[in-house]
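For reference, the structure is listed below as structure tokens.
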Amino acid sequence: MAEFSVVEMAMRQIDRGAEALKLSENQIRLLKCSKRILRTTFPVEMDDGTIRLFTGFRCQYSDIRGPTKGGVRYHPNVSEEEVIALAAWMTWKCALVDLPYGGAKGGVICDPLKLSERELEHITRRFTAEIMPILGPDKDIPAPDVFTTSKTMAWMMDTFSMFAGYTEPAVVTGKPEVLGGSKGRKEATGRGVAIITREFYRAQGKKLDGCTVIIQGFGNVGSHAALFLSLMGAKIIAVSDQNTGLIDKNGLNIQELMNCTDRNRCLEPYIGATHTKPDDIFDVKADILIPAALENQIRKDNADSFQVGAIVEGANGPVTPDADEILEQKGIHVIPDILANAGGVIVSHYEWAQALSGLYWEETEVNEKLEKKLVSSFNEVWRRSQNLKIPLRTAAYVVAIARILEVYKYRGIFP
Ligand code: NAD
């Protein structure tokens, strides 16, 4: 059971950053202002001829630093609260890694695993049409998130283009390469999680070689984080998806697991590891835990039981503020989401820039730029954390908040 709503969580995190920066009430008010939310309910004809109603949201939390940017999620637990919190986190993330974006998030309440491809396409196209007035390459640019993919982005891009009357590849990121998607975007978030983990180890004078890792969630972020960490020499000893946990203390074969999820959309049919309930992987002792599924996974009621050295947040909001305090007391470092999973939005920014310019980059160029950006962002957060003797999350908020308030200083408050 959650001790906070996700919005309260996001606001508590801002409070900790604000405290470290000794901000005024006025400054805090600016940071806690969620600019706009569009809620829509729309009908979709299902494959069997019945008409079902779906509800979706798009929140644009802040556009003070540029057009808003953020994913679209399809999940039964999507809510107005959740998209506001996720849009707030996108705002701090884009500021932290210094992208010219504000933050947004969207979602539709549905269970995509129980829908056909045609039904998903119709939901996507109708949802895009409903939020059309606030979308656009200079307004708000969606990307994939939980249970949405490059195919979802292709449908969104096509729907937007049909209404606009011209082809607009810059309206979404994370689309297929043939539509102007960036090389390296699919892997970028997981690659970033691995790079940040490596830098965290390096900052402490340690190596990733041979260290053990548990990963919750084996979708886009979790599977690619597993792949790149294993290529860096780490041993992935447990993974889960929403129905299955897999444990192998000798190390799982990540490429085989990815082949399994590509074929079956789940881990369940995989043979060659101990099968458990998803949350049982939390009982495994390891050097690193990467939650890469949903928010609110590590809470006051379970934080004390983890036997890991560090938690790297692949997902957005997996650790609650109360759990943060417990983990801090236990000496478990938490590398915050707005830094650890920023690789995705960084390469989304490259994709947007490529689409706007019509010039496309080689994968090595994308990956080199990503690496450079993440390493410098990590160093900045690490330095703040060491100098001010504050946890990494607070340090990340200090950097992000300072950048946002600097923009307010010059732009002022309209009118
Ligand atoms: P995805 O849909 O590709 O994968 C989600 C995975 O989580 C699936 O394997 C699913 O089965 C699993 N899952 C769901 N509930 C679970 C549970 N209770 N226990 C264990 N596993 C569970 O989604 P994704 O794109 O990988 O996103 C995962 C997280 O990363 C989300 O919090 C998302 O906001 C965040 N994120 C994604 C990106 C991106 O580029 N896709 C970027 C930044 C952050």
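The values are calculated or read from the model by the stated rules, or taken from the named source; none is laboratory data. Since we're looking at a predicted model, the values are computed, not measured. In this analysis, Cβ positions are derived from the backbone assuming ideal geometry, glycine residues included, and neighbour counts consider all displayed protein chains. Just so you know, the surface numbers come from the protein's heavy atoms only, side chains and all, with ligands and any DNA or RNA stripped out. Shrake-Rupley method; radii C 1.70, N 1.55, O 1.52, S 1.80 Å.
Given LEU231, LEU257, which one is within 24 Å of the chain's Cα centre (by Cα), surrounded by 16 or more Cβ atoms within 10 Å (Cβ to Cβ), closer than 26 Å to ILE196 by Cα and in the same structural domain as HIS333 (by TED's automatic domain parsing)?
Details: LEU231 fails: surrounded by 16 or more Cβ atoms within 10 Å (Cβ to Cβ).
Selected residue: LEU257, the only one of LEU231, LEU257 that is within 24 Å of the chain's Cα centre (by Cα), surrounded by 16 or more Cβ atoms within 10 Å (Cβ to Cβ), closer than 26 Å to ILE196 by Cα and in the same structural domain as HIS333 (by TED's automatic domain parsing).
Just wondering, is there one or more residues in region 124-141 that are within 15 Å of the ligand (Cβ to nearest atom), touching a residue at least 40 places away in the same chain (Cβ under 8 Å) and assigned by TED's automatic domain parsing to the domain that holds ASP47? Can you show your working first?
Initially, region 124-141 is screened for residues within 15 Å of the ligand (Cβ to nearest atom), giving 124, 141.
Pick out the ones that are also touching a residue at least 40 places away in the same chain (Cβ under 8 Å) and you get 141.
Now drop any that are not assigned by TED's automatic domain parsing to the domain that holds ASP47, which leaves 141.
There is at least one residue in region 124-141 that is within 15 Å of the ligand (Cβ to nearest atom), touching a residue at least 40 places away in the same chain (Cβ under 8 Å) and assigned by TED's automatic domain parsing to the domain that holds ASP47.
Mind telling me which of the residues VAL312, VAL284, VAL239 ends up being more than 13 Å from the ligand (Cβ to nearest atom) and either buried (at least 22 other Cβ atoms within 10 Å of the Cβ) or of a type in the set (Val, Ile, Thr) (or both)? Write out each step before concluding.
Values: VAL312 fails: more than 13 Å from the ligand (Cβ to nearest atom); VAL239 fails: more than 13 Å from the ligand (Cβ to nearest atom).
On inspection, the qualifying residue turns out to be VAL284.
Please verify whether TYR61 is buried (at least 19 other Cβ atoms within 10 Å of the Cβ), more than 27 Å from HIS122 (Cβ to Cβ) and in the same structural domain as ALA95 (by TED's automatic domain parsing), treating the condition exactly as stated. Please lay out each step first, then the result.
Values: buried (at least 19 other Cβ atoms within 10 Å of the Cβ): yes; more than 27 Å from HIS122 (Cβ to Cβ): yes; in the same structural domain as ALA95 (by TED's automatic domain parsing): yes.
In short, yes.
Could you please find all residues in region 303-357 being part of a helix (DSSP H, G or I) and among the hydroxyl-bearing types (Ser, Thr, Tyr)?
Narrowing region 303-357 to residues part of a helix (DSSP H, G or I): 303-305, 321-330, 337-340, 343-357.
Answer for region 303-357, where residues must be part of a helix (DSSP H, G or I) and among the hydroxyl-bearing types (Ser, Thr, Tyr): SER305, SER348, TYR350, SER357.
From GLY343, GLY412, which residue is surrounded by fewer than 19 Cβ atoms within 10 Å (Cβ to Cβ) and of a type outside the set (S, T, N, Q)?
On the way: GLY343 fails: surrounded by fewer than 19 Cβ atoms within 10 Å (Cβ to Cβ).
After applying the criteria, what remains is GLY412.
Results for (1) open to solvent by less than 10 Å² (accessible area, probe 1.4 Å); (2) within 16 Å of the ligand (Cβ to nearest atom), shown as yes or no for each residue.
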position	(1), (2)
VAL44	yes, no
ILE51	no, no
ARG73	yes, yes
ASN77	no, yes
ALA85	yes, yes
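Looking at region 193-208, is at least one residue hydroxyl-bearing (Ser, Thr, Tyr), under 25 Å from LEU359 (Cβ atoms) and either open to solvent by 10 Å² or more (accessible area, probe 1.4 Å) or within 15 Å of the ligand (Cβ to nearest atom) (or both)? Show your work before the answer.
Quick first cut of region 193-208, residues hydroxyl-bearing (Ser, Thr, Tyr) only: 197, 201.
Okay, now just the ones that are also under 25 Å from LEU359 (Cβ atoms), so none.
The answer is no; no qualifying residue exists.
Got at least one residue in region 289-298 being assigned to a helix (DSSP H, G or I) and within 16 Å of the ligand (Cβ to nearest atom)? So that I can check it myself, show each step before the final result.
Initially, region 289-298 is screened for residues assigned to a helix (DSSP H, G or I), giving none.
Among the residues of region 289-298, not one is assigned to a helix (DSSP H, G or I) and within 16 Å of the ligand (Cβ to nearest atom), which makes the answer no.
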